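The values are calculated or read from the model by the stated rules, or taken from the named source; none is laboratory data. All of these numbers come straight from a predicted model, not from anything done at the bench. Positions of Cβ are backbone-derived with ideal geometry, glycine not excepted, and every protein chain shown enters the neighbour counts. Heavy atoms of the whole protein, side chains included, go into the accessibility calculation; ligands, DNA and RNA do not. Shrake-Rupley method; radii C 1.70, N 1.55, O 1.52, S 1.80 Å.
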Amino acid sequence: MITQENVSAELVDKLKTVLDLHSAKFHGWEDDIYVDAEFPDVHSAATFADCSGFANHTTMRQSWDDGSAKSFIELGKPVVITFPMWTFANYLEI
């Protein structure tokens, strides 16, 4: 299993390059095996997850200025998706 501890710098660089193509940025690690990526809107995040073939392994959330949690996503606002790094490696067929 790919984790933050054993992932190669090359794989992280490839992820950052692909995210850049979607106007997204690497946001960090979560629980050692998941990656957070920030997208400018829900459409670009959903397109990335769907085209990469791991939409079923992805969660999406938004942060709110007041810190509250909402059960819906506002379409025109930035979102963060979280997905296991191994799904991205599979996408690249590594």
For region 1-23, pairs from a residue that is without any contact (Cβ under 8 Å) to a residue 24 or more places away in the chain to a residue that is open to solvent by 90 Å² or more (accessible area, probe 1.4 Å), with Cβ under 8 Å and 6 or more apart or across chains, are Lys16/Lys25
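Could you look through region 1-33, keep only residues that are assigned to a strand (DSSP E or B) and modelled with pLDDT under 90, and pick out the one that is least open to solvent (accessible area, probe 1.4 Å)?
Restricting to residues being assigned to a strand (DSSP E or B) and modelled with pLDDT under 90, the top hit is Gly28.
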